[in-house]
Each structure stands twice: as C-alpha cells, then as structure tokens.
Amino acid sequence: PRSVRGELRFRLALLIGHTGSGPRGGRPLLAEAIEDLDGEPDLKAWAIAAMGVRAIAEIPPQDPREWLDRAKKIIPRIDDRTFEVFLLGKVTATLVVIGDPEWRPLTARIEEQTAGSPRQRPEVHAYYMVGQTACVAGHHEVADRMLARGLAGVAHCENRRLELLLLAPTALLNYLRG
C-alpha cells in the first residue's frame, strides 16, 4: 500500500541521513515518500521538515522555507501534542540556522505547549534542537534556557544518548560565555 511504501522510504531516508552518506543523504527518498504519506500527517510533516533540513545541507544551500511552511501547515492536523512539539522543534531549529525571526514565536509555542518543562523524549529532543542551534547562532539566553530545561526533562526519559546530546551544546555554551 502507498502509506506503507511511503513510510518505508521515509524511514530508509532517515537511516541514510544518520549514516552520513553525504550532503544529499536520503533526500530523493524523502521526496518520493512525501507523495505517499497523505494519510499520515505526522510522518508527512516530519518528512517535509526533513527536506527543509536537507536543503540547507546541500551545496550550495537552498532556502528551506518552502518546505518548512508546508510542514507548518500540516502540524495542526497532528493529534499527538508531544509529536507536534517534536516537529515544531525541527522547524524552529532550521529557522534559527537560516536567521529567520519566526523561530522566536515558535520557540515560545514549544515552551507553552510543554509548560516550560519537557517530560517526554520527543519534547526534550525539541528543546535540544532549538537550544543547540540557538547556541551556535549566538542566542545564548535562549540556548541556556532551552538546554537547561531539556537537561532537567531528560531525567524523566532515562535516555543517556539524549542527555549526552544536551550536554555537548551546554559545554559549548559555557565556553562561548567564558
């Protein structure tokens, strides 16, 4: 079925992207997957957001806003609020990287939807993504807040990998702040 084919392509594209197979990664598979994920708004929005991330990784980089805008239109159709926060984190982090000021209200939305205290792995991951990119982009106050809250939330997840992901940009932030 189309939806299964789309999900398999999407998951394979993520796997290819995680293995570091070059700047394009699994981008062609993502593009194919999007067309088959119409009945799966959560996976479709994730795949579209991933296309935005991959766009800025290309050489030369492409403007990812078209992809991010498409993802933002689908996100309200997602029933799982935790997954919605996760996707907002992906979109927001990409906007931070390209310097689009829309990242600020989206960060506020993430904090509002989690009451400033992420407790589940996808929520903590959203805090990590935004905190890490804010750190590198020089938005140190936001980075400090997001990373500290993410680290506090990781205790509820018991996920050592996620804890280490949060500790790395926290160390960088401490270094950058002297």
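The values are calculated or read from the model by the stated rules, or taken from the named source; none is laboratory data. Remember, it's a predicted structure, so these values are computed and weren't measured experimentally. Because the Cβ atoms are built from the backbone with ideal geometry, glycine has one as well, and the counts that use them run over all protein chains shown. Calculation scope for accessible area: heavy atoms of the full protein, side chains included, ligands and nucleic acids excluded. Shrake-Rupley method; radii C 1.70, N 1.55, O 1.52, S 1.80 Å.
Would the range 113-127 turn up any residue that is hydrophobic (A, V, I, L, M, F, W, C), crowded, with 19+ Cβ neighbours inside 10 Å and out of contact with any Cys (no Cβ under 9 Å at 6 or more places or on another chain)?
So the first thing to find is which residues in the range 113-127 are hydrophobic (A, V, I, L, M, F, W, C), and the list is 115, 124, 126.
Retained after the next criterion (residues that are crowded, with 19+ Cβ neighbours inside 10 Å): 124, 126.
Still in the list and also out of contact with any Cys (no Cβ under 9 Å at 6 or more places or on another chain): 126.
Within the range 113-127 (the criterion being hydrophobic (A, V, I, L, M, F, W, C), crowded, with 19+ Cβ neighbours inside 10 Å and out of contact with any Cys (no Cβ under 9 Å at 6 or more places or on another chain)), the answer is yes, since at least one residue qualifies.
Having 1 or more residues that are farther than 17 Å from Arg5 by Cβ and open to solvent by 50 Å² or more (accessible area, probe 1.4 Å) is the bar; report the helices (runs of 4 or more DSSP H) wholly within the range 26-86 that clear it. Write out each step before concluding.
Details: elements: 27-36, 41-57, 65-74.
Ranges flagged: 41-57, 65-74.
Evaluate the following for Lys72: is it of a type outside the set (Val, Ile, Thr) and under 11 Å from the mean Cα position of the chain (by Cα)?
Numbers: of a type outside the set (Val, Ile, Thr): yes; under 11 Å from the mean Cα position of the chain (by Cα): no.
No; evaluated as a whole, the condition is false for this residue.
Which one of Val154, Val136 is more than 14 Å from Ala49 (Cβ to Cβ) and open to solvent by 70 Å² or more (accessible area, probe 1.4 Å)?
On the way: Val154 fails: open to solvent by 70 Å² or more (accessible area, probe 1.4 Å).
Within the list Val154, Val136, the selection yields Val136.
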